[in-house]
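Trainee: One structure, as structure tokens, below. Some questions next.
Values quoted throughout were computed directly from the atomic coordinates according to the rules given, and no laboratory measurement underlies them. Remember, it's a predicted structure, so these values are computed and weren't measured experimentally. Virtual Cβ from ideal backbone geometry, glycine too; neighbours counted across all protein chains shown.
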Amino acid sequence: MLKAIYGLYADPDSAQRAVDSLRAAGVDERAISVASSEPFEEYEFGRREQRTPMAWLAALGGLVGGVSGYLLSSLTQKAYPLPTGGMPLAPLWTNGIITYELTMLGAILATLAILLVSARLPNWKPQLYDPAISDGYILVGVVSPPEALRIGLERTLREAGASEVKELVVGLDAEPRTQGVSE
Amino acid sequence: MTEKSQINADLLRPLFRTSWRFFALVGFLGFFVVAAFAAFGYQMYTGIGVWGIRRPAFWAFDITNFVFWIGISHAGTLISAILRLANATWRRPVTRCAEVITVFALSIGAMFPIIHLGRPWLAFWLIPYPSERQIWPNFRPPLAWDFFAINTYLIGSVAFLTLPIVPDWALVRDKANGWRKRVYGILAMGWRGTPKQWSRLESAMHIVAIAIIPVAVSVHTVVSWDFAMAPVPMWHSTIFGPYFVAGAIFSGIAALILAMAGLRKLLHLKDYLKPLHFDNLGKLLLMMSLLWFYFIFAERLTTWYGNEPSEMAVFWATQRGAYAPLFWTMVFCNFLLPFPILAIKKLRTITGTVIASVAVVVGMWLERFLIIVPSLTHKYMPYNWGTYQPTWVEITIMIGTFAGMGLLYALFSKAVPIISIWELKVGLHASSVVRSPLSVAGTSGRLTTGHGQLTTDN
């Protein structure tokens, strides 16, 4: 079951205030969820979890691709000898082109794979989300909030400038259900 | 209505509303595509004798179209990647229009070697896999390099196009109803727009942009080597690699300008594809026109000065012989017409850049033809010279590919916002930071601009 309380913010300043207030209220960093229809890298909340080894892994993918390209061309040429134009059986000049292309392909495919894994895509399970995000609202919420803190969290989210505060409850066999939280 | 809601409304309108004009356009373009398929079917049934190619010109229209479309494909991903890495803010409405051209033009271009095989059902023999025939491709000829280069560029370009579409598909998912909501829900892959997802997307775009630029350069270089590796008069030249790459970017920018002008008119995107974009692309086109002239002058001068008999036969055939009308039309279209239009600021309007671009597309197609056919029809021994005239089959297939490009573009713009919505929105708040840094200073965690440096209040 997914349970969450969240606020929708019309501007990034108030979203930042909400994140700061939730932290100040002792909410665990990992429980704070933010979602928006565009990146806000100029705000601190938009720069959470930015560190990624993606570039290094892409380079590794490139290395694997390059080695595969070299082995594919050179081993094939040795296994099926086709003397051509006085060239060696496995010439570095021409095999270099295959190696180069597969190096780049390896880097690109590795980048794609890392993106999908690290951004957890695809994920069609119920998640904390609100279609109002597409209208420019920024969602700031807390996943699985302790029942004792619920009223306090709702006040914190509202005081930060939320246009609306909602609760999301998704059962194992139920459609996602959101409801506004009355003041 | 806020600025962001207006952007949503304007750019999602083509996806949710379809006018009779769209169906008319699809019907018109579809007619030519069907005609091309019919011609191709006739060719497969009858055999390649229906082409105009005769000894010694075994490469003609198909390979011209192959080189031309691979060149057009350089409009998108390469230009988009350069502008993205250079952080050119005016790129935002342009990038997706450009990237789409790459994917479709590359797919169309890659079809031509298969059409040219004569027996296209054996195209899979190009793919290196251990078969019971024990025939593995020879990795030494440039056509095998084409296979790897084009496929790498195609996969990279599809990734480069698709990655930034995912957030826009999520937007369409939120705005759609019924079957559209389900389809776009699947395409959006559960995208939420968390800071981690945005950060990973931007990192991936950055890495793919870095990787795709050398791949794009290599693709057209490898295409040029299809010719330069052969000891054929005026082909066996070291200038061919950069000459082809420059020509590809040249024709690609022209195609991008034409696509943008069409979208601006048909999808009512005047507020997004502004004169500024045409002006900037017009300047790039001008630079490429000059570069193209420099290359053709360098190539012609070197040949003329060398005075090598076999090369001079091709040289004079294009300068004052049977191919001279095409050659001078090419020079007019690629330099004499676009240069004044693009160099004079008053003429570098939307209409002006479109006229110049039409000329460049025609001129660059002629350039590809003039590289291939005159050399093959004037190879060394005069008794082995020949002529070439295209048949209706080749012409129909060629027209079909132009219509196919338009058709694919039209269908794509019905399924995907043709301008990246989220990137436009980023542009809005990025520009607001520049406009009024003082108004946001002091906000917790906000980056502010001061004395040319980024500082944080945290």
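Trainee: Can you run phi through the Karplus equation (6.51, -1.76, 1.60; θ = phi - 60°) for region B:71-80 and list ³J(HN,Hα) in whole Hz, with x for Gly and Pro?
Mentor: Values per residue, Gly and Pro as x: x, 4, 4, 6, 4, x, 4, 4, 5, 4 Hz.
Trainee: Mind checking region A:104-151 for chymotrypsin sites (Phe, Trp or Tyr not before Pro) that DSSP puts in a loop (not H, G, I, E or B) and that have at most 16 other Cβ atoms within 10 Å?
Mentor: Those satisfying the criteria are A:TRP124.
Trainee: Okay, moving on. So, counting K/R as plus one and D/E as minus one, what does the shell of residues with Cβ under 11 Å around B:ALA81 add up to?
Mentor: +1
Trainee: Amide H of A:ILE5 versus every other amide H placed in the peptide plane: which residues, excluding those fewer than 5 positions away on the same chain, fall under 5 Å?
Mentor: Sorted by chain and number, the residues that satisfy this are A:VAL142, A:SER144, A:LEU168.
Trainee: Calculate one ³J(HN,Hα) per residue across region A:157-167 by plugging θ = phi - 60° into the Karplus curve 6.51 cos²θ - 1.76 cosθ + 1.60, and present them in order as whole Hz with x for glycine and proline.
Mentor: 5, 5, 5, 6, x, 5, 6, 7, 10, 9, 10
Trainee: If you project the alpha carbons of chain A onto their three principal axes, what span does each projection cover, largest first, in Å?
Mentor: 85, 39, 29 Å, listed from the longest principal axis down.
Trainee: Shape of the protein assembly as shown from its Cα gyration tensor (a ≥ b ≥ c, root eigenvalues): rounded if a/c is under 1.5, otherwise prolate when a/b > b/c, or oblate?
Mentor: Prolate, because a/c is 1.5 or more and a/b exceeds b/c.
Trainee: What is the set of long-range amide H partners of B:ARG54 at a cut-off below 5 Å, with H atoms built 1.01 Å from backbone N?
Mentor: Distant-sequence amide H within range of B:ARG54: zero hits.
Trainee: Using the Karplus curve 6.51 cos²θ - 1.76 cosθ + 1.60 with θ = phi - 60°, what ³J(HN,Hα) values do you get for each residue of region B:33-39, in whole Hz, with x for Gly and Pro?
Mentor: Listing the rounded values in order: 5, 4, 4, 5, 5, 5, 5 Hz.
Trainee: On to the next question. Given the C-alpha centroids of region B:187-213 and region B:308-387, what is the distance between them in whole angstrom?
Mentor: Centre-to-centre (Cα) distance: 42 Å.
Trainee: So, one more: Once you average over the residues of A:95-104, how many Cβ atoms of partner chains fall within 10 Å of each Cβ?
Mentor: Other-chain Cβ atoms within 10 Å of each residue's Cβ, averaged: 6.
Trainee: Now a separate question. Using alpha-carbon pairs under 8 Å, 6+ residues apart, how would you state the relative contact order of chain B in percent?
Mentor: 28
Trainee: Please find, in a Gaussian network model of chain A (springs between Cα atoms separated by less than 10 Å), the residue of A:ALA79, A:ALA148, A:ALA55 whose mean-square fluctuation is greatest.
Mentor: Maximum among the listed residues: A:ALA79.
Trainee: Would you work out the relative contact order for region A:54-118, in percent, from Cα pairs under 8 angstrom that are 6 or more residues apart?
Mentor: Taking the mean separation of contacting Cα pairs over the length of region A:54-118, I get 57 percent.
Trainee: With the cut-off at 22 Å, tell me which of the pairs A:LYS166/B:LYS175; A:LYS125/B:LYS175; B:LYS270/B:LYS414; A:LYS125/B:LYS181; B:LYS196/B:LYS274 have Cα atoms farther apart than that.
Mentor: From A:LYS166/B:LYS175; A:LYS125/B:LYS175; B:LYS270/B:LYS414; A:LYS125/B:LYS181; B:LYS196/B:LYS274, over 22 Å: B:LYS196/B:LYS274.
Trainee: So, one more: Which FRET efficiency value, to the nearest 0.05, is calculated for B:LEU291 and B:ASN138 with the Förster distance at 30 angstrom and r the Cβ-Cβ distance?
Mentor: The value I calculate is 0.30.
Trainee: Okay, moving on. Run the helix sum for the protein assembly as shown: -39,500 (n - 2.57) per DSSP H stretch of 4+ residues, divided by residue count, reported at 222 nm to the nearest 500 deg cm²/dmol.
Mentor: It lands at -20500 deg cm²/dmol.
Trainee: Is the C-alpha gyration tensor of region A:54-118 telling us rounded, prolate or oblate? Criteria: a/c under 1.5 is rounded; beyond that, a/b larger than b/c is prolate, otherwise oblate.
Mentor: Prolate, since a/c reaches 1.5 and a/b exceeds b/c.
Trainee: A follow-up question, please. What does the net charge come to around B:SER203 if you take all other residues with beta carbon closer than 11 Å to its beta carbon, with K and R at +1 and D and E at -1?
Mentor: Net charge around B:SER203: +2.
Trainee: Could I ask something else about it? Quick one: grab the alpha carbon gyration tensor of chain B, order the square roots of its eigenvalues as a ≥ b ≥ c, and give me rounded if a/c is under 1.5, else prolate or oblate depending on whether a/b is larger than b/c.
Mentor: prolate
Trainee: For chain A, what is the relative contact order in percent, using Cα pairs closer than 8 Å and at least 6 residues apart in sequence?
Mentor: 46
Trainee: Net charge around B:THR194, counting only other residues with Cβ within less than 14 Å of its Cβ (Lys, Arg = +1; Asp, Glu = -1)?
Mentor: So the surrounding residues net to +1.
Trainee: Compute, for the protein assembly as shown, the length of the dipole vector about the Cα centre, with Cβ point charges of +1 (Lys, Arg) and -1 (Asp, Glu) only. Units Debye, rounded to 20.
Mentor: The calculated dipole for the protein assembly as shown is roughly 860 debye.
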